[in-house]
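Just below is one structure, and these are the notes that go with it.
The values are calculated or read from the model by the stated rules, or taken from the named source; none is laboratory data. The model shown is predicted, which means the values in this text are computed figures rather than measured ones. Cβ sites come from the backbone with ideal geometry, for glycine too, and all protein chains shown count toward neighbours.
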């Protein structure tokens with residue numbers, strides 16, 4: 001899971017409202033769990049990991065292939081912490097989740113402040129709850145899919 005601090009670092013908050021952290025964490029968990037629940041007929045190949053001994057950061061490179069679709073790169077940027085290795089960014093077809101979230105969050109904060117960002121995240125979480133309760137057509141990486149699948153950045 002992406003650390004909230006990494007995504008929000010651009011705003012230089014010294015402390016986060018607990019509700020912001022909770023809503024963002026919920027969004028990430030719901031997004032990934034929905035994507036995994038809808039995972040069908042895809043082959044993911046992981047490339048050999050190339051890291052020197054003692055390094056504390058690395059990238060796990062992979063490619064995904066769905067029948068009838070082009071191969072897509074999926075890279076996971078990781079860092080070693082006291083609790084073990086953690087993913088802090090995912091790049092799908094070269095598009096960084098951190099960059100997408102940072103851009104989206106920055107605009108929302110400019111327009112309506114941190115409270116507006118919390119309300120926006122809460123609304124997205126409610127949409128995902130609705131989709132989870134019966135509609136199974138939620139796209140992979142809810143916040144990233146429009147960028148990746150339209151070819152934009």
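What the table below lists for this structure:
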{"item": "Test: residue in region 98-121 that is without any contact (Cβ under 8 Å) to a residue 60 or more places away in the chain, in contact with a strand residue (DSSP E or B) (Cβ under 6 Å, 6 or more places away or on another chain) and either surrounded by fewer than 17 Cβ atoms within 10 Å (Cβ to Cβ) or closer than 28 Å to residue 20 by Cβ (or both)", "result": "no"}
{"item": "Residue in region 16-52 that is farthest from residue 102 (Cα to Cα), counting only those that are at pLDDT below 85 and in a loop (DSSP other than H, G, I, E, B)", "result": "41"}
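Let's see how each residue does on (1) assigned to a loop (DSSP other than H, G, I, E, B); (2) at pLDDT below 50; (3) closer than 22 Å to residue 40 by Cα; (4) in contact with a helix residue (DSSP H, G or I) (Cβ under 6 Å, 6 or more places away or on another chain):
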{"residue": "85", "(1), (2), (3), (4)": "no, no, no, no"}
{"residue": "89", "(1), (2), (3), (4)": "no, no, no, yes"}
{"residue": "107", "(1), (2), (3), (4)": "no, no, no, no"}
{"residue": "112", "(1), (2), (3), (4)": "no, no, no, no"}
{"residue": "118", "(1), (2), (3), (4)": "no, no, no, yes"}
{"residue": "124", "(1), (2), (3), (4)": "no, no, no, yes"}
{"residue": "127", "(1), (2), (3), (4)": "no, no, no, no"}
{"residue": "131", "(1), (2), (3), (4)": "no, no, yes, no"}
{"residue": "135", "(1), (2), (3), (4)": "yes, yes, yes, no"}
